[in-house]
Amino acid sequence: MPFHKYPPKIWEAMKLKEGIYSRLPKHYLRSLEVKEPTPVHWKPLGIQYRANPETGQRERVQDVPIPIYYPPASQTGLWGGEGWISGFRYANNDKMSNRLRKTWKPQLFKRELYSEILDHVFTIQVTARTLDLIDAAYGFDFYILKTPKEDLNSKLGMDLKRVMLLRLARRNTDLYPNDPVKRQKVYNKYKQFEIPEEEAEWVGLSLEEAMEKRRQLEYKEPVPLFKVYVEELVKEVQMQKLTEPLCVEKK
């Protein structure tokens, strides 16, 4: 007989259907779905079978991803999907010697990146791959807006995306206040990424942040009891006046 009514593996998925979790916006709940990121440290074959180059016989192959650890520092920078890889190496590069544990870490740089939408220069910790991806996307803003959540894999990156989307949705005049022509040019340049402000406010929020936002939206100031009783008394007095017969004096 099982110890639990539902298996523990589906507890995380089930809790999103109860309580305050179920009142979160649907577009935000869809963003919580786990998706496979683009492979960075390995190349998938994309096939199930291939011919052996020596014998010519058909043999089965498997795409086994390399386990990657993303340290907390990766959430405060833009690592381009890179992380730490743990494994072993041979001492003195001799296969006959003992194996030693080794962790491969990406090389990090601090670079200044300019955002057109926010009109601000950010000093961010990046990797060489991140700089290549920014060049391939033709700009920092395009890289942040185009890259999906699972490939960005950065809290800082998702926060920047939320702020950019809010700026595009609101189209306020804080951007280049003295140059309306340039402001309109920038808004038109990134028009393809515009989404409603109600959705942009939830982009990149963690589950804890989304729950707190939902609580604040549902919070109502408590009404003192004396105000409630005064309103009820006023209503009762008005009802009595309406039900009492009107006395008319004859002269």
For region 136-203, whose charge dipole is built from +1 on Lys and Arg Cβ atoms and -1 on Asp and Glu Cβ atoms, the candidate among Val163, Ala136, Asn178 with its Cα farthest towards the positive end is Asn178
Taking only C-alpha positions in region 103-251, Rg and Dmax in angstrom work out to 28.1, 108
With all protein chains in place and a 1.4 Å probe, Tyr21 shows an accessible area in Å² (nearest 10) of 50
Candidate cut points under chymotrypsin sites (Phe, Trp or Tyr not before Pro) in region 187-238, DSSP loop plus at most 10 other Cβ atoms within 10 Å of their own Cβ, are Tyr219
Restricting to lysines and to Cα separations under 20 Å from Lys182, and discarding same-chain partners fewer than 8 apart, the set is Lys191
Treating only Lys and Arg (+1) and Asp and Glu (-1) as charged, each at its beta carbon, one finds that region 36-139 has a dipole about its Cα centre, in Debye to the nearest 20, of 700
Taking a straight Cα-to-Cα line shorter than 22 Å from Lys241, and setting aside same-chain lysines fewer than 8 residues away, one finds Lys227, Lys250
Links exceeding 22 Å between C-alpha atoms in this model, out of Lys161/Lys213; Lys5/Lys213; Lys102/Lys149, come to Lys5/Lys213; Lys102/Lys149
With +1 at each Lys and Arg Cβ and -1 at each Asp and Glu Cβ, the charge dipole magnitude of the chain around its Cα centre, to the nearest 20 debye, comes out at 540
A student applying the Cα gyration tensor rule (rounded when a/c is under 1.5; otherwise prolate if a/b is larger than b/c, oblate if not) would label region 1-56 oblate
Using eta = 1.567 mPa s and T = 4 °C, Stokes-Einstein with Kirkwood Rh from Cα pairs puts D for region 89-133, in µm² s⁻¹, at 94
Given [x] 29.9, 127; [y] 16.9, 52; [z] 19.0, 65 as possible values of Rg and Dmax of the Cα atoms in Å, the one from the coordinates is [x]
Taking GluC sites (Glu not before Pro) as exposed when in a DSSP loop with at most 14 other Cβ atoms inside 10 Å, the chain has its longest clean stretch at 55-193
Over the chain, the sum of -39500 (n - 2.57) across DSSP H runs of at least four, divided by residue number and rounded to 500 deg cm²/dmol, gives at 222 nm -10500 deg cm²/dmol
Yeah, region 112-151 with a ≥ b ≥ c from its alpha-carbon gyration tensor (a/c under 1.5 is rounded, else prolate when a/b outruns b/c, oblate otherwise) is oblate
Subtracting the Cα-Cα distance of Lys227 and Ala51 from 0.36 nm times their residue separation yields 55.1 nm
With a ≥ b ≥ c from the Cα gyration tensor eigenvalues, square-rooted, and the rule rounded for a/c under 1.5, otherwise prolate when a/b > b/c and oblate otherwise, region 1-136 is oblate
Taking the dipole of the chain about the Cα centre (Lys, Arg +1; Asp, Glu -1; charges at Cβ), the one of Val121, Gly80, Leu217 that reaches farthest to the positive side is Gly80
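The values are calculated or read from the model by the stated rules, or taken from the named source; none is laboratory data. Keep in mind that this is a model prediction, so the values were computed, not measured. Cβ: placed from backbone, ideal geometry, glycine included. Neighbour counts: every protein chain shown. For accessibility, only protein heavy atoms count, side chains too; no ligands or nucleic acids. Shrake-Rupley method; radii C 1.70, N 1.55, O 1.52, S 1.80 Å.
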